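Worksheet: the structure to be examined is printed underneath.
The values are calculated or read from the model by the stated rules, or taken from the named source; none is laboratory data. Bear in mind the structure is a predicted one, so any value in this text is a computation, not a measurement. With ideal geometry, Cβ positions are generated from the backbone for all residues, glycine too; neighbour counts draw on all protein chains shown.
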Ligand code: FAD
């Protein structure tokens, strides 16, 4: 593989199109891929640039084909039996090789555990920079550079970062932040299969066995309704009330970090800057003050309902419906009302 040194003079004109690194787990495309395609389509609006998806794997032809229903121009399918199971080395090497050959202008990767693993490695292999964990992307109308925004200094400010000289411009993007591309009734674009140059020896760490965690997974990213508890629930038993309301509404249970740090609930329930970013139809925040790091993960929810004893709590500044009151009284009253419907 040819490794290009950072800052080595390059011809920016050669770099075209926006690539989305499609993520698949056990042969299923991860939803963040569709979110990145949606975002890439917005970024190319009014330009000649194309949206290209890249998926590495084996025996996932049908899944790759499904991407053509989201309005992409092309999909590169890097296909090899050695890519059947995810490996850091195999995926980052083959994707980096393809980037060096085809020269995309922008490369977007989901900030998932896999994306956070391979994104920086790909950037290092190809000699470019990477802005991690972006929550907003825009094209600069002046010079067409990608403006990449992410929380900085513990979420206290939003930093917008540009990559002035190196190409491609690379970003990992938080799952759940961008809107998914619309599923079209007819497929568009083409799939080009790539046979990568990859040997078994290129993959240093091999997956021997996959052991599923015994815990029930929480799907906060796709949930339409989330009822979240904060320190105001006063203890782990408070989540029984939160769960009762979530079950009644047909939603999932979320949490602030305060409850996770106190050991009241598993981290997989945490919403916010260091948890999951969500955008449900309804988000009910119970006993959550509304710290900026929590808001970073849920402020894009369609309707926000807040229950808090403190009328000055910051959560009331962003909610659509605010109830000043004790959640121990308000939640049972809400459940009673829902029972009547
Ligand atoms: P508090 O701020 O203590 O608020 C509790 C609220 O409950 C208060 O408003 C109170 O009025 C109300 N209350 C009390 N009793 C009742 C009652 N009986 N009924 C109704 N309301 C009641 N936080 C996150 O949530 N997610 C993150 O991802 C995250 N990431 C972070 C990353 C960094 C780098 C840092 C520095 C912090 C992060 N935090 C995160 C922590 C964040 O700053 C706050 O400390 C946290 O969100 C506070 O949680 P809380 O609202 O549950 O608790």
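Some values worked out for this structure:
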item: Candidate set: the stretch 86-101, residues that are within 14 Å of residue 76 (Cβ to Cβ) and free of Cβ contacts under 8 Å to residues at least 60 places away in the same chain; chosen: the one surrounded by the fewest Cβ atoms within 10 Å (Cβ to Cβ); result: 101
item: Some residue of the stretch 37-50 being under 30 Å from residue 205 (Cβ atoms) and assigned to a helix (DSSP H, G or I); result: yes
item: Among the residues listed as 318, 282, the single one being under 23 Å from the mean Cα position of the chain (by Cα), more than 9 Å from the ligand (Cβ to nearest atom), closer than 27 Å to residue 217 by Cβ and not assigned by the TED database to the domain that holds residue 178; result: 282
item: Residue within the stretch 38-45 that is touching a helix residue (DSSP H, G or I) at 6+ places or on another chain (Cβ under 8 Å) and buried (at least 20 other Cβ atoms within 10 Å of the Cβ) present; result: no
item: Sole residue being under 13 Å from residue 232 (Cα atoms), out of contact with any helix residue (DSSP H, G or I) (no Cβ under 7 Å at 6 or more places or on another chain) and either within 13 Å of the ligand (Cβ to nearest atom) or at pLDDT 95 or above (or both), chosen from 289, 255, 262; result: 262
item: In the stretch 265-279, residue surrounded by the most Cβ atoms within 10 Å (Cβ to Cβ) [restricted to those that are near the ligand (Cβ under 10 Å from one of its atoms) and more than 23 Å from residue 302 (Cβ to Cβ)]; result: 274
item: Which numbered condition residue 48 misses (of (1) surrounded by fewer than 19 Cβ atoms within 10 Å (Cβ to Cβ); (2) in contact (Cβ under 8 Å) with a residue 60 or more places away in the chain; (3) farther than 19 Å from residue 115 by Cα); result: (2)
item: Restricting the stretch 234-252 to residues that are farther than 22 Å from residue 291 by Cα and part of a loop (DSSP other than H, G, I, E, B), the residue that is farthest from the ligand (Cβ to nearest atom); result: 250
item: Boolean, residue 135 is closer than 21 Å to residue 44 by Cβ, surrounded by fewer than 17 Cβ atoms within 10 Å (Cβ to Cβ) and not assigned by the TED database to the domain that holds residue 276; result: no
item: Some residue of the stretch 212-233 being within 16 Å of the ligand (Cβ to nearest atom), under 15 Å from residue 331 (Cβ atoms) and part of a loop (DSSP other than H, G, I, E, B); result: yes
item: Filter pass, residue 305 being more than 7 Å from the ligand (Cβ to nearest atom) and either within 14 Å of residue 231 (Cα to Cα) or modelled with pLDDT of 95 or more (or both); result: yes
item: Which listed residue, of 34, 60, 106, is surrounded by 17 or more Cβ atoms within 10 Å (Cβ to Cβ) and over 19 Å from the mean Cα position of the chain (by Cα); result: 60
item: Residue count for the stretch 102-125, restricted to those that are free of Cβ contacts under 8 Å to residues at least 12 places away in the same chain and under 14 Å from residue 30 (Cβ atoms); result: 1
item: Pick from the stretch 255-277, criterion assigned to a strand (DSSP E or B) and without any contact (Cβ under 8 Å) to a residue 60 or more places away in the chain, ranking: farthest from residue 155 (Cα to Cα); result: 255
item: Hits in the stretch 294-315 (condition: within 26 Å of the chain's Cα centre (by Cα) and loosely packed, with under 15 Cβ neighbours inside 10 Å); result: 302, 303
item: Selection from the stretch 134-155 of residues that are at pLDDT 90 or above and within 15 Å of residue 292 (Cβ to Cβ); result: 135, 149, 150
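For every residue, the table says whether it meets (1) more than 16 Å from the ligand (Cβ to nearest atom); (2) out of contact with any strand residue (DSSP E or B) (no Cβ under 6 Å at 6 or more places or on another chain).
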{"site": "119", "(1), (2)": "yes, no"}
{"site": "123", "(1), (2)": "yes, no"}
{"site": "126", "(1), (2)": "yes, yes"}
{"site": "131", "(1), (2)": "yes, no"}
{"site": "142", "(1), (2)": "yes, yes"}
{"site": "147", "(1), (2)": "yes, no"}
{"site": "153", "(1), (2)": "no, yes"}
{"site": "157", "(1), (2)": "no, yes"}
